[in-house]
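Here is the structure we will look at.
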Amino acid sequence: MTERRGTIPFEAQGKSYALRLGTAQLAEAEDHFDMGINAIVKRLETEQRIGDVAQMLAIGTGVSRDEACDIVDDLGTKTSGDLLGRAIRAAFGQPEPGAPAGNGKGRKRTR
């Protein structure tokens, strides 16, 4: 499996998966939920509906909703939600918690 920017690899049910929320997946989520991505994220954070988590995992991994539900059953709701949170942060270019700040070592200014 080729690693792409913003891809969160994980294992569940003895299989390897890659969770990615790129433009196509975010657009699919907006179509499914009939709301913008910011409203979806707010709904995920405030309502914490397990069906929403499973649906977003299905969209982000390309599996059926039933298989996504099996993933949630295997990993648990907290771990599944944490994976989804990581994927959402990656989709918007936000660093992982605890990651070093900045974009590398600074250079001396030249004249």
Among G22, G98, G60, G51, the single one that is at pLDDT below 90 and either small (G, A, S) or open to solvent by less than 20 Å² (accessible area, probe 1.4 Å) (or both) is G98
Per the filter on the stretch 25-48, residues open to solvent by less than 90 Å² (accessible area, probe 1.4 Å), part of a helix (DSSP H, G or I) and not aliphatic (A, V, I, L, M) are Q25, E30, F33, R43
If we ask which residues in the stretch 56-84 are free of Cβ contacts under 8 Å to residues at least 24 places away in the same chain and either over 15 Å from the mean Cα position of the chain (by Cα) or assigned to a helix (DSSP H, G or I) (or both), their number turns out to be 13
When restricted to G81, G85, G76, G60, the only residue within 18 Å of I8 (Cα to Cα), of a type outside the set (D, E, K, R) and touching a strand residue (DSSP E or B) at 6+ places or on another chain (Cβ under 7 Å) is G60
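The values are calculated or read from the model by the stated rules, or taken from the named source; none is laboratory data. What you are looking at is a predicted structure, and each value in this text was computed from that prediction instead of being measured. Virtual Cβ from ideal backbone geometry, glycine too; neighbours counted across all protein chains shown. Heads up: the accessible areas ignore ligands, DNA and RNA and are worked out on the full protein's heavy atoms, side chains in. Shrake-Rupley method; radii C 1.70, N 1.55, O 1.52, S 1.80 Å.
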